[in-house]
1. Within 10 Å, count the other beta carbons around each residue, average over each peptide in 188-195, 4-11, 154-161, and list them highest first.
2. Between [x] 32, 26, 18; [y] 31, 20, 18; [z] 46, 21, 15, which entry matches semi-axes √(5λ) of the Cα gyration tensor in Å as derived from the coordinates of this structure?
3. List the relative contact order of the chain as a percent without decimals, with contacts defined as Cα pairs under 8 Å and 6+ residues apart.
4. Of Thr10, Thr173, Ile256, whose Cα points farthest to the positive end of the dipole of the chain (charges on the beta-carbon: +1 Lys, Arg; -1 Asp, Glu; origin at the Cα centre)?
5. Express in whole angstrom the spacing between the alpha-carbon centres of the range 193-212 and the range 47-112.
6. Could you size up the charge dipole of the range 94-184 around its Cα centre, putting +1 on the beta carbon of Lys and Arg and -1 on that of Asp and Glu, and report it in debye to the nearest 20?
7. Which of the peptides 17-25, 126-134 is most tightly packed, and how do the rest follow, going by the mean number of other Cβ atoms within 10 Å of each residue?
8. Search the structure for amide H atoms under 5 Å from the amide H of Ala111, placed 1.01 Å from N in the peptide plane, and list their residues when 5 or more places away or on another chain.
Amino acid sequence: MTGVLVLAGTPIGDVSDAPPRLVSELATADVIAAEDTRRLRRLTQALDVTPAGRVLSYFEGNEVGRTPELVEALLGGSRVLLVTDAGMPSVSDPGYRLVAAAVEAGIKVTAVPGPSAVLTALALSGLPVDRFTFEGFLPRKAGDRARQLAEVAAEPRTMVFFEAPHRIAEALTAMAEAFGPDRPAAVCRELTKTYEEVKRGPIGELAVWAADGVRGEITVVVAGAPPAGPLETTPEDLARRVAVREEAGEGRKEAIAAVAADLKLPKRDVFDAVVAAKLAARTGGGAGAPGKP
């Protein structure tokens, strides 16, 4: 008989949010694979539970090497519990490699549902939650970040992002450039903790707010793009969309084609908008007749 891999959600802030099954699994698992063994120790002390099984570290730096060891334990009949520092394993946390390897080996995989920063932020954001997409962490490099945001600028579903506190101001500024400063959003900070805060408003205003510094664990929820209409296809908007893609490294011709395809517009309309924007920038006023940009 093979064992069972159990993915267990852990509290994202308030330890009393831990589900009863988590306590039971911590007490009975043969092996506990933890993202940070020190945090696991603090959690078990807070829950007043003593693990009976072997505790191993399982984090980004040793995932590749440790996965075969855990699969071997599972094949030998062990019940392996996987926990991360907060939330569900494999959601922007270690776990995917182990789950994939366990499935490949025919091992049963189950879960102990628990707190999730993604769903908690969505519920508190005040934005539509009937359809959403999780985008995880944005790239650290400005060009890569701008490129990824350009790819989802026309996404109609509500989007959820994770971000580090020291990069949140830059990330919100990049979002304002890619999505427009008036796109509704919410910055959720320190969810379920003592200093929980949800700041809602247009992305441009949130970027200004974040410039003074933001602390804690952060989840950003951004409204999806509204249906294409007159306000979304003005020459200024078309030129801005092309500019965002160019800043991300696309050639102008490719950027114009991509924007036209996204909005289902003739490429000539987008081309003319870019020309008009260039002329307006040079003259500081109204645009002249279209020409080669």
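1. Taking the mean over residues of other Cβ atoms within 10 Å, the ranking is 4-11, 154-161, 188-195.
2. [z]
3. Normalised by residue count, the contact order of the chain is 16 percent.
4. Ile256
5. Computed from Cα coordinates, the inter-centre distance equals 35 Å.
6. 240 debye
7. 17-25, 126-134
8. Leu7
Here, each number is a calculation from the coordinates, and none is a lab measurement. Only a predicted model underlies this, so the values are computations on that prediction, with no experimental measurement involved. Please note: Cβ atoms are built from the backbone with ideal geometry, for glycine as well, and neighbour counts cover all protein chains shown.
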